1. Checking A:VAL306 against (1) touching a residue at least 60 places away in the same chain (Cβ under 8 Å); (2) within 20 Å of the chain's Cα centre (by Cα); (3) within 14 Å of another protein chain (Cβ to nearest Cβ), which single condition isn't satisfied?
2. Quick test of your reading of the structure: A:ARG378 fulfils all but one of (1) under 22 Å from B:TYR263 (Cα atoms); (2) within 14 Å of another protein chain (Cβ to nearest Cβ). Name the failing condition by number.
3. Looking at the range A:186-204 only, could you name the residues that are of a type outside the set (S, T, N, Q), surrounded by fewer than 19 Cβ atoms within 10 Å (Cβ to Cβ) and in contact with a helix residue (DSSP H, G or I) (Cβ under 9 Å, 6 or more places away or on another chain)?
4. Could you grab me the full set of residues in the range B:159-171 that are in contact (Cβ under 8 Å) with a residue 60 or more places away in the chain and within 17 Å of B:GLY112 (Cβ to Cβ)?
5. Only residues that are buried (at least 24 other Cβ atoms within 10 Å of the Cβ) and more than 17 Å from A:GLY111 (Cα to Cα): list them for the range A:131-146, please.
6. Any residue in the range B:221-234 that is within 10 Å of chain A (Cβ to nearest Cβ) and surrounded by fewer than 22 Cβ atoms within 10 Å (Cβ to Cβ)?
7. If B:VAL290 meets every condition in (1) at pLDDT 90 or above; (2) away from every other protein chain (no Cβ under 13 Å); (3) out of contact with any Leu (no Cβ under 8 Å at 6 or more places or on another chain) apart from one, which number is that one?
8. Against the definition (surrounded by 20 or more Cβ atoms within 10 Å (Cβ to Cβ), part of a helix (DSSP H, G or I) and more than 9 Å from chain B (Cβ to nearest Cβ)), how does A:ALA373 come out, yes or no?
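The values are calculated or read from the model by the stated rules, or taken from the named source; none is laboratory data. Given the structure is predicted, the values throughout are model-derived calculations rather than measurements. So basically every Cβ, Gly included, is an ideal-geometry build from the backbone, and we count neighbours across all protein chains shown.
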Amino acid sequence: MLVTLISGAKIVLSGIVPASFDLREIVTLIQSAHASLGPWISLYPSLYNHASNATVTEQWLLNGPGNSDLTLQLISLSVRLPLFFLDLAILLALCYVGRSLGSVTSGRLAGLIWFANPYSLFGIELLGVPDVLAVFLFVASIAMLLHKRAILSSVLLALGVWVKFFPILLLPALLLYQAKSNASRRTMIITTLLTFVGLAGYLQWTFPSSHLFLTAYSPVAQPFPFIAGEVAINGSAFVLILFYCLMISFAKNARNLIALLLPSLLVYYAVSNPAPQYLVWAAPLMALDVAIVNRSRSALLAIFYVLAFTNWFFSSSAFLTPSGYSLLMFPLGSDNLPSFSLAITRLLDNSAIINMLVPLISSALYACFLAYAIDVARTWFQ
Amino acid sequence: MQSRSTWWIIGGACVKFLLMFTPPYGDLVNWASVADILLNAISTGHYGQVTVPGVYAGLGLLLLPSFWLWTRLPVAHPPVNQAHMLFSTSMPVLLLSFLLKIPVFLADIGTGILVSTLVARATNSPSKGRTAFLLWYLNPFNIYWINVFGGMDIIPTFIFMAGVNLGSKEKWFGSGLSLAFASVLRIFPLFTFPFLLAVFRDKWRRAFSFMIGFVVSLAIVFGFALATGLVTSTWIIGTPSRQFWLLDFFGYNLTNSYVKLTYVVIALQLFITYRYWHKAELIPLATVSVLALLTAAQAYGGSGHHFIWASPLLTTSVMMNPNEKLAYILTFVTACLGPFISPIPLPTYTDTLTWGAFYAAKTNYLLRINLNQIRAFATNKTTLDLQVASNRTR
């Protein structure tokens, strides 16, 4: 019942919320007719093909929530609906994983924490970016691993890497888990090889555009950004390799799959500069962790999402879209703004907010990545 | 033993008095200017000028008696600015330097007494209390930054330590009041506030007394300043824009310009304290809060004299936990190797090495205290319990 209600709300919002800047970027990339940018991008034109000409597409991108033009709302819906179905599929996969690792109730709880989370709604349907496809593939990969279908699990993981790179960060943890579960050496080699095939696929579509997609650009992929200057050491690589070495040394007896996977992503967040929607990657694991492993982390999870949401609010100028409206559907960019919108724009322009509050929120979120990783990694020693 | 301590105290006082006659440099000239501006404001009745000293106004008020006394002395009174005062060896300037350092010296003695009281009470050993006083009083780092440099930071530190002392006696309203007063003079006690709340856990009445003392007194001070027009809310909010060096305390940028090292370290320390410390005690909490701030912030901005904020707490802490001895020695030896303080002028290219060693030592101390508390968590005992057990073993 609850899932039906939330689904209804998500579908309605998918139709009426204005298109985000990220959606506009995707459309621009397709129209620019450059080298294909990712296997998922080529799926988009078919979703808005009924907008037969560029004018209608432009109208759709600039359409505010007040416009009752059904065609434009249908384009919004058709672009976002596949993402909603993937969102729903992750809910089902989480229920399965939760049931395998804990109980039916904890599986449902994990699914609900994922599906009812407003951050998922914003990071998936409303933003309209396809990170959710890679997330679904790696959650399905975990489900297949628990279902003793190791090869299928590896194939799904490789597909995830092909789409969005980040699931490769989970490979050491998955191999460690396979070793603990007495998986054969052959299975582990196949998992590794398939993942690297996925990586080759990823490189094949990113390199024609620029190697910078692999090293510097933020929105599409940012696997190894620099934290110590471009000519200095690569901080991300350094910290991640150190982390994996520590994990292999200290998590020898850890049998909890979530406690191995989740810190890998959280540490990656801490050494990269993640775009807000990237936080969706760890969301299924965090849901499983709170539902199955340790309920006492629910307060930390709540703090994490409050900080992530507030940080996103400030960094995106209150979720501004090309239409001049926010994703929260209030106007931000016109001349006759209501007092509520004016108060928000003043808040965003206030120097004390920019100098004091925004660093406080961003830094607290960063500390939250580390705190959560430390708290989960603590279970390695238990 | 007691008479030997007395001789050390008298000898230390003589050395300190001599060192107080050193020519002014660094922030002492700025603080003298602030006192000059405030004295003019009082004598002319134009309090609008109070906004000029900015965050130093509170400290300037405390220096007024010394400055006023200097203006009454039958000597020449050169203009109070960098051009006329910096490293000047003229008698009027040396006299001003000495007089301005008198409140600093008094706060130095007062802080030593508070450290001694805290240690004597916590360890139930008056002799340890006396040793703590001497450790504070004769520490070369303290002597340099307090008595030679004239670091006014010791005044808010003394008030902060008075708050810690009152808290240890369960006088929470007075403790909150002292912390608020110290926060008006220097911002660091504000950072300690969320840490100190951990002391209360389920003791809501005590927490309420502490918060009333802290929040209400701050509200009264700022309410008075706003109501009388001394400052405006826009002026308070705009302080970081005018005195942009305050933002240096946020520390290095990490992954982007909004992720600041100080905030991250403090938030992480707060998490570790609330999540992993078994029984949060006042002195370790106060120590880690100030040390976390200084470990992160000073890597970028701030000066050596800001470490005075942590010095009495570290002295108290090491006397209560002898297993911190090495960390304590390492911290203060490396602190004394830093630029400015070293009696032997070191080549500037060694700065990064000496400061690097100091930051490593501070971080090590922070980890040491945390490990002590988490060890206590693992064995379900407080730090003091472990200390008593360790003494028995010896």
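1. The single condition A:VAL306 does not satisfy is (1).
2. (1)
3. Within the range A:186-204, A:MET188, A:ILE190, A:LEU193, A:PHE196, A:VAL197, A:LEU199, A:ALA200, A:GLY201, A:LEU203 meet the criteria.
4. Across the range B:159-171, the qualifying residues are B:PHE160, B:MET161, B:VAL164, B:SER168.
5. The one that is buried (at least 24 other Cβ atoms within 10 Å of the Cβ) and more than 17 Å from A:GLY111 (Cα to Cα): A:LEU145.
6. Yes, that holds for at least one residue.
7. Status for B:VAL290: all satisfied but (3).
8. Yes.
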